[in-house]
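Here it is: the structure, laid out below.
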Amino acid sequence: MQRRTFIKGIAATSLMGITATDIEAKPPRKREHNSTTLSGKEFFLDIDYTTVNITGKKAVATTINGQIPGPTLVWQEGDTITLHVTNHLKKSSSIHWHGIILPAPMDGVPGISYKGIAPGETFTYRFKVQQHGTYWYHSHSGYQEQTGMYGAIVIKPKKKEPFRYDKDYVVLLSDWSDEKPTSIYRKLKLSSDYYNFNQRTVGDFFSEVKKKGFGQAFDDRKMWNKMRMSDRDLSDVTGYTYTYLMNGNAPATQFKALFKKGEKIRLRFINGAAMSFFDVRIPGLKMTVVAADGNHIKPVSVDEFRIGVAETYDVIVQPTSARAYAIFAQSIERSGYALGSLTPSASLSAKAPKMDKPQALTMADMGMDMKKMGKQKMGGMKMGNKMKYRWSAMEAQKYPVTKLPMATGVQSTMKAMAPKYRLEDPGVGLRKNGRRVLTYADLKNRYSTRRDRKPDREIILHLTGNMERYMWSINGIKYADAQPLRFHYGERLRITFINDTMMNHPMHLHGMWSDLETGDDNHLVRKHTVIVQPGAKISYRVTVDAKGGWAYHCHLLYHMAGMFRKVVVA
Amino acid sequence: MLKKLLLGSLVGIACIQTLQAAGADDPIRTMLIMDKFEILDNDENSREWEGSFYVGYDIDKLYIYSQGAATSDGLEWSQNDLVYSRAIAPFWDIQAGVAYDKNDDASRTWGELAVAGLAPYFFETRAALLFNGEGNVGLRLEAEYEMLFTQKLILTPSFEADFYSKDDPEMRTGSGLSALEAGLRLRYEIVREFAPYIGLTWERTYGNTYDYNPVNETSLLAGIRFWF
Ligand SMILES: [Cu+2]
């Protein structure tokens with residue numbers, strides 16, 4: 001029998017000598033779990049209610065092995081692993097292995113991969129690990145992810161990695177609320193700006209009048225006012241209700257990563273939040289980004305990067321002095337932050353730097369034509385000729401387009417009139433901030449993709465929404481009313497997203513890689529989650545090599561139910 | 001009358017349930033909002049209210065609107081609507097149902113068609129067309145705007161106008177432009193759901209309405225706005 005490292009004490013002795021199948025047949029009501037890292041080939045995970053105290057108030061969380069986050073699972077590339085997941089909740093549950101290439105029935109999406117895990121039942125996942133890097137897992141049922149059901153996956157590579165480091169740490173970012181998720185969702189439906197405390201005021205208008213004169217200030221507001229849109233609508237849910245966590249620690253209790261001076265530290269950043277994008281930096285240190293969504297990229301040295309919900313980035317840092325450095329992850333709308341310390345001693349913790357001021361959305365974020373707008377400039381986007389060439393090369397790609405059903409009406413309040421590839425745009429909040437910020441244009445596969453097949457055909461997906469009514473959809477059709485997308489087994493597909501909303505949507509395709517076009521076909525970067533910026537356009541290619549039904553959706557938890565498609569590969 | 005209202009609401013709820021099996025994205029919900037719940041500094045010290053309740057989904061809802069005034073002598077007047085509301089455009093709902101007006105000695109029931117929604121420049125508006133058995137046709141217009149001084153201190157100018165095609169002395173409404181009302185309310189949102197406010201309201205009747213019920217007054221007011 002495979003050794004189960006997490007079982008200690010009484011539980012370990014009582015389970016000694018029985019086989020895994022016995023355990024499946026009669027899951028013990030409560031196993032003892034006290035390890036935050038599990039490794040091996042066989043894993044036992046228990047989903048249960050746990051009373052936690054994150055904000056000073058008691059609240060009931062849904063947890064995996066009684067912890068937030070759930071234990072970090074360490075796998076070995078090439079191993080076949082078995083995971084027994086027991087549901088002790090009163091409701092159906094599930095675990096999805098995010099970004100992992102596996103057979104469709106093992107993907108863990110209720111209603112698509114399987115029925116879900118009924119109360120009291122154990123589901124056993126078994127699949128071969130065919131990749132390496134940093135990934136994560138989470139519940140795919142209801143709002144369980146928001147209430148604590150997520151954890152990190154670290155897959156050790158078969159071959160030696162092309163970079164060196166002395167220590168590595170998982171840095172899992174998330175958002176916690178004492179409010180029930182159903183209550184958060186209801187509030188958004190009743191009043192979609194409920195959590196937004198950075199709305200435009202009369203004072204903002206008058207300071208613009210002072211700067212530009214009344215006519216100009218009024219003119220600048222005109223488009224927004226006519227369209228009934230807010231340029232301050234950056235996050236639906238904010239620090240008003242969220243406490244931002246780093247490896248389960250609130251800023252007050254701080255996660256600490258220890259280093260010795262001169263050591264190279266690999267930090268595996270995972271955004272396991274329900275709704276929050278984070279802008280991450282370690283003041284005083286350059287970060288060398290070596291992997292995106294688990295896959296090696298050509299190393300890029302940056303001061304800061306944005307991590308969308310469900311993305312992962314691996315960075316290497318080398319602290320030069322024996323002091324505590326802040327690992328600082330401010331939420332995109334700047335209502336709060338997650339904080340940890342990279343420190344030479346557990347007794348030494350870093351102070352948080354000041355949060356940046358929130359920026360407002362621009363006309364470009366509305367998908368307007370900048371040339372036509374004339375005066376409107378997009379902050380922080382200096383477009384060199386090289387970039388222009390790259391984007392026009394992407395625009396020029398022509399493949400047969402399969403038309404998809406599209407609806408207009410209540411579902412969609414906006415249409416991006418002139419959506420552009422904006423991969424070199426760090427995005428609202430990070431423009432012109434004086435720091436070197438990672439953009440998608442920087443992401444290049446470490447290995448050549450020159451011989452990858454060219455796409456056979458293309459589909460275009462519009463991300464649509466109605467912020468006023470808080471409705472989200474794809475092509476103006478919400479999931480409940482949509483037909484599945486049909487992909488042909490064996491084809492190479494180009495998918496182009498056009499974002500007809502004012503929000504960033506992290507789009508996640510299950511079961512297959514998304515090979516993101518960043519203007520260099522020889523180094524397409526391999527991702528599982530791709531941010532589509534407001535008013536922008538982005539394309540990636542998918543080798544359709546996994547039969548079955550798959551989920552395809554926005555990873556913002558409160559967008560997901562509508563902005564979702566089932567993909568059928570046959 | 002009560003029976004009719006009750007029946008109407010039951011039919012409405014049944015309608016909603018058959019029209020749309022609720023998906024995860026669109027759970028059934030209710031909202032009660034009391035926009036105005038205030039006391040006026042006028043001769044009668046009128047207490048006025050204006051609010052709404054809905055039950056339903058993104059597209060289909062059943063709405064009850066109610067507004068009115070009471071004094072120490074009891075109810076002065078009230079206007080109530082029960083309508084089925086359907087979203088037909090990104091920012092607009094159309095509504096159909098019945099309205100019921102009451103004053104201290106008479107009442108009227110109307111058929112009602114309305115449009116409600118958010119107009120460009122963020123004006124919250126509602127226009128209702130009413131018709132009753134006596135051949136009277138009414139039009140009631142409402143608009144409201146929110147100006148944020150801070151994230152919690154909000155000024156709301158509002159405007160209302162009523163028109164009728166016929167005189168109705170019992171209800172003390174005359175044909176043509178009947179009444180105008182404009183208000184200015186400054187609220188402080190302690191939480192989003194609860195905000196005390198102070199304000200000013202100006203009300204005036206016109207034409208025959210003025211003959212039946214001469215009103216031309218400006219009053220200070222204080223109240224609370226709440227929802228849940
Ligand atoms: Cu989304």
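In segment B:185-228, which residues are surrounded by fewer than 20 Cβ atoms within 10 Å (Cβ to Cβ), among the β-branched types (Val, Ile, Thr) and under 19 Å from the mean Cα position of the chain (by Cα)?
B:Ile224
Suppose we filter A:Arg228, A:Arg221 for residues that are touching a Pro at 6+ places or on another chain (Cβ under 7 Å) and within 14 Å of chain B (Cβ to nearest Cβ); which single one remains?
On inspection, the qualifying residue turns out to be A:Arg228.
Which one is nearest to the other protein chains (Cβ to nearest Cβ) among residues in segment A:99-149 that are open to solvent by 40 Å² or more (accessible area, probe 1.4 Å) and of a type in the set (D, E, K, R)?
By that ranking, first place goes to A:Lys115.
Of the residues A:Thr501, A:Thr529, A:Thr518, only one is within 16 Å of the ligand (Cβ to nearest atom) and surrounded by 23 or more Cβ atoms within 10 Å (Cβ to Cβ); which?
A:Thr501
Let me ask something else about it. Please note which strands (runs of 3 or more DSSP E) are completely contained in segment A:509-570 and include at least 3 residues that are within 18 Å of the chain's Cα centre (by Cα).
Hits in segment A:509-570: A:514-516, A:525-527, A:529-532, A:536-543, A:548-554.
Follow-up. Being within 13 Å of chain B (Cβ to nearest Cβ) and either open to solvent by 40 Å² or more (accessible area, probe 1.4 Å) or touching a Gly at 6+ places or on another chain (Cβ under 6 Å) (or both) narrows it down to one of A:Thr201, A:Thr182, so name that one.
A:Thr182
For segment B:24-44, enumerate the residues that are open to solvent by 50 Å² or more (accessible area, probe 1.4 Å), touching a Lys or Arg at 6+ places or on another chain (Cβ under 8 Å) and among the hydrophobic types (A, V, I, L, M, F, W, C).
B:Phe37, B:Ile39
Then there's this: What residue, of A:Pro319, A:Pro353, is open to solvent by less than 10 Å² (accessible area, probe 1.4 Å) and in contact with a strand residue (DSSP E or B) (Cβ under 7 Å, 6 or more places away or on another chain)?
After applying the criteria, what remains is A:Pro319.
Would you pick out the residues in segment A:469-491 that are surrounded by fewer than 18 Cβ atoms within 10 Å (Cβ to Cβ) and either within 10 Å of chain B (Cβ to nearest Cβ) or at pLDDT below 95 (or both)?
Of everything in segment A:469-491, those that are surrounded by fewer than 18 Cβ atoms within 10 Å (Cβ to Cβ) and either within 10 Å of chain B (Cβ to nearest Cβ) or at pLDDT below 95 (or both) turn out to be A:Ala480, A:Asp481.
Restricting attention to strands (runs of 3 or more DSSP E) lying wholly within segment A:71-181, give those where 3 or more residues are aromatic (Phe, Trp, Tyr) and in contact with a strand residue (DSSP E or B) (Cβ under 6 Å, 6 or more places away or on another chain).
It comes to A:133-138.
Now a separate question. Among the residues in segment B:85-92, are any surrounded by 19 or more Cβ atoms within 10 Å (Cβ to Cβ) and either β-branched (Val, Ile, Thr) or modelled with pLDDT under 95 (or both)?
no
So A:Tyr558 fits all but one of (1) away from every other protein chain (no Cβ under 14 Å); (2) over 26 Å from A:Glu395 (Cα atoms); (3) hydroxyl-bearing (Ser, Thr, Tyr); what number is the exception?
(1)
Just for segment A:440-468: of the residues that are within 14 Å of chain B (Cβ to nearest Cβ) and open to solvent by 10 Å² or more (accessible area, probe 1.4 Å), which one is nearest to the ligand (Cβ to nearest atom)?
Ranking the qualifying residues of segment A:440-468, first place goes to A:Met467.
The values are calculated or read from the model by the stated rules, or taken from the named source; none is laboratory data. The shown structure was predicted, so the numbers you read here are calculated from the model rather than taken from an experiment. Glycine gets a Cβ as well: all are built from the backbone with ideal geometry, and neighbour counts include every protein chain shown. Surface accessibility is based on the protein's heavy atoms, side chains included, excluding ligands, DNA and RNA. Shrake-Rupley method; radii C 1.70, N 1.55, O 1.52, S 1.80 Å.
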